[in-house]
Structure formats: structure tokens, C-alpha cells
Amino acid sequence: AELAKGFAAQNQLYATVAGMLKSQPERREKLWTIAHALQNGLKADGMNIGITNSMVTPVYLSGSVAEGMQVVFDLRENYNIFCSIVVYPVIPKGQLLLRLIPTSMHTLEDVKYTIKAFKNVAEKLAKGEYNKELLIDASKL
């Protein structure tokens, strides 16, 4: 029952956002401006974003599940960027998929900051800085 409530709330949120985007076309236009700036900027910085036809922006990296979890933690705690992660077995072992969802409330400055943050974590990942046994010591949080 709790799960069903969550889906119902999520569906209501999507309906509200969809209605807002229809009734306020300037938000939709800004959303696409932000999404395209993010996607083009990530690609220009050498990031693999695959093929996307929506504002949801995938970023593909190479690494283990443990490294991916550390990357996401680093982005959230040190850069204030929230993204979801998809790992093995949903995608091939050794690959990471980070998903960014820009909004019309983001700015082009936010986009620049995000691109710089992703460049930083990609460099740290390539150098093996996330390759540690212990992901996160939750007792110290």
C-alpha cells in the first residue's frame, strides 16, 4: 500500500509538471535551453552522454560499482550535485551511468559548474582516486 501511495504521488507530480510546462511555454523553452547547454557542454568536455532525446542527461563513465558509488557521493557531498546512478547488472560490468535531470530553475551558471564538477570527478576516477576498499564509513556521517 505504501508503495502504491508513492507511485500515486509521483504520477500526480508528473501531471502537475506537465500541466505547468504546457501552460507556461517559457519554462519549457528555458528547460530545453538548459538541457541543451548541459548536454553540449558535457560532450565538448569529452564526456560520453550517448544518445538522448530528452532533458534527462546520461553520462557514461568506466569504473566499478564501488567507484561509482564514491563518485555519486563526491558529487552530492562536495559539489552539491544530485544524480542517480545505474550500475551492473543493469548495464555491463565496468560501466557506470550517471543520470542528470536539469530543470527550468537551473541557470547557465549552474550548467557551467556541473560540467566543471563532472570533469573533475572523471579525472579523479581515471587516476584511480575512488578505487578504495571502503566506500563510506557511515559511522562518521
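The values are calculated or read from the model by the stated rules, or taken from the named source; none is laboratory data. Quick caveat, the model's predicted, so the values are computed rather than measured. Every residue, glycine as well, gets a Cβ built from its backbone with ideal geometry; the counts of neighbours run over all protein chains shown. Ligands, DNA and RNA are excluded from the accessible area calculation, which covers all protein heavy atoms including side chains. Shrake-Rupley method; radii C 1.70, N 1.55, O 1.52, S 1.80 Å.
How much of the accessible area of the stretch 14-122, in percent, comes from carbon and sulfur atoms when a 1.4 Å probe is used? Within the stretch 14-122, the accessible surface is 58 percent carbon and sulfur.
Could you give the accessible area per residue of the stretch 29-71, probe 1.4 Å, as a whole number in Å²? Intermediate values should be presented prior to the final figure.
Details: 2070 Å² over 43 residues.
Each residue of the stretch 29-71 exposes 48 Å² on average to a 1.4 Å probe.
Applying the criteria of a DSSP loop state and at most 13 other Cβ atoms within 10 Å to the trypsin sites (Lys or Arg not before Pro) of the stretch 39-125 yields Lys93.
Extending 7 Å from Cα along the Cβ direction at Arg28 and again at Tyr113 yields two label points whose distance is 2.9 nm.
Would you mind counting up the charge near Asp45? Only other residues with Cβ under 10 Å from its Cβ, with Lys and Arg at +1 and Asp and Glu at -1. Combined, the nearby Lys, Arg, Asp and Glu give +3. Each Lys or Arg adds one and each Asp or Glu takes one away; over the other residues whose Cβ falls under 14 Å from the Cβ of Val121, this sums to -1. Here is the list for the stretch 41-96: chymotrypsin sites (Phe, Trp or Tyr not before Pro) lying in DSSP coil, each with at most 11 other C-beta atoms within 10 angstrom of its C-beta, are Phe82.
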